[in-house]
Amino acid sequence: GDHWTTVEEPMYPSKHLESFKGKVVLVDCLTLWLTNFMMEEGLFSISNDKDSENMNSPSDSAAVQDASERALAKLQEEFDKLTEPWNCTFVFVTNELGSGTHGPSQATRKFVDAQGWLNQYVAKRAQVVIHMVCGCANVIKEEKDSRRAGGLDVRTPQQKREATMLDHYLSKRSVAMDKKGYFLVKVDREKLVIRVSFHSCIVNDKGEFFDLDGNRLSCCNGKSPDPLKVWECRTAKEATMKILEDWEPAKDLLSVGHAGYLGREVQKAEDALYNGWKFQQD
């Protein structure tokens, strides 16, 4: 799609790290990447007798082994360099060659072995590993929820009640509204998104609504006008980034208190969305 930028780099994608910052990088695929390193080390140019009755010479076997190990080591080093930055998200596509038939030559068998070792190397460092079969996703490994230390609520019943009472009290405090607008946060369980909308509260003495640029907004049947902006996000972090960081008017519209309020509400919405809880905006 238009949001993707193709970078053709056969061996050393870490050369492009500067342009990867803050982005999702799809590497397709590890098998071809390994092939390029194998070719660089001359694996496929080493003489390999495919006649099963005439086995390869010891010297050929050693050469194949050395070339395979050098290629794998260099690729692992490049992988580590590529994935070192904290501000990039990587998705790697690979193939499970060990599940199929193997060619008779030593070079082919060593390549399949190296592919298996590479897959293990990457999977060990990945947060999520998914095995696709016939278009069906089988989750082999997934990231644990780091927010749940041990998965249990360590508070006593009394502490829970006190925390609930505190939140209830704080929700009733007097808060000054931002003069130009307000946010509504909703949970869409069908689309599995948090929907945040920004509404203008710029009104003249005639009761007419205006947008941020001073243009009058039409109202229908006595209702408030449509929102000026709507975001659909999967997580609270995505919502706050899109609104507070990417939306240009935010810096002039939102007070620190309003931004903090929005962050709390979208986090509540995320918890409600993925835990089946009822959501009600403060």
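The values are calculated or read from the model by the stated rules, or taken from the named source; none is laboratory data. Since this is a predicted model, take the numbers as computed values, not measurements. Every residue, glycine among them, receives a Cβ derived from its backbone with ideal geometry; neighbour counts consider all protein chains shown. Quick note on the areas: whole protein, heavy atoms, side chains included, nothing else; ligands and nucleic acids left out. Shrake-Rupley method; radii C 1.70, N 1.55, O 1.52, S 1.80 Å.
Efficiency by 1/(1 + (r/R0)^6): what FRET value for Lys186 and Val24, r their Cβ-Cβ distance, R0 = 22 Å, to the nearest 0.05? Working from the Cβ atoms, E equals 0.25.
Using a 1.4 Å probe and counting only protein heavy atoms, arrange Met38, Met241 so the residue with the most accessible area comes first.
Descending accessible area places them as Met241, Met38.
The heavy atoms of His102 present about 100 square angstrom of accessible area, all protein chains included, probe 1.4 Å.
Ignoring ligands, DNA and RNA, what percent of the accessible area of the chain is carbon or sulfur (1.4 Å)? Don't skip to the end; give the middle numbers.
Details: 10310 of 19640 Å².
The computed percentage sits at 53.
Per residue, the accessible area of the chain comes to 70 Å² when a 1.4 Å probe rolls over the protein heavy atoms.
Please return the longest range in the chain lying between exposed loop sites, taking GluC sites (Glu not before Pro), DSSP loop only, at most 15 other beta-carbon atoms within 10 Å, and leaving the sites out.
Working: sites that count: Glu8, Glu53, Glu96, Glu142, Glu143, Glu190, Glu208.
The answer is 209-282.
Give, in nm to one decimal, the length gained when the segment between Arg264 and Asp213 is fully stretched (0.36 nm per residue of separation minus the Cα-Cα distance). Kindly include the intermediate steps, with their values, before the conclusion.
On the way: separation 51, 0.36 × 51 = 18.36 nm, distance 2.84 nm.
Using 0.36 nm per residue and subtracting the Cα-Cα distance, I get 15.5 nm.
A simple spin-label model places pseudo-atoms 7 Å from Cα toward Cβ; at Ala62 and Met241 they are separated by 5.2 nm.
For the stretch 231-278, what does the alpha-carbon gyration tensor say about shape, rounded, prolate or oblate, given a ≥ b ≥ c as the root eigenvalues, a/c under 1.5 as rounded, and a/b over b/c as prolate?
Details: a/c = 3.60, a/b = 1.84, b/c = 1.96.
Since a/c reaches 1.5 but b/c is at least a/b, the shape of the stretch 231-278 is classed as oblate.
Cross-link partners for Lys206 among the lysines, with Cα-Cα distance under 23 Å and sequence neighbours closer than 8 places in the same chain left out: Lys179, Lys180, Lys223. Placing one equal scatterer on every Cα of the chain and applying the Debye formula, the log10 ratio I(q)/I(0) at q = 0.07, 0.09, 0.15 Å⁻¹ is -0.48, -0.69, -1.21. Starting from the Cα of Asn138, step 7 Å toward the Cβ, then list every residue of the stretch 93-121 with an amide N under 15 Å from that point. Those under the cut-off are 95-100. Under the combined filter of DSSP loop state and at most 14 neighbouring Cβ atoms within 10 Å, the stretch 181-272 retains these trypsin sites (Lys or Arg not before Pro): Arg189, Lys191, Lys206, Lys223, Arg234.
Calculated mean residue ellipticity, 222 nm, the chain: -11500 deg cm²/dmol, from DSSP H runs (n ≥ 4) at -39500 (n - 2.57) each, averaged per residue and rounded to 500.
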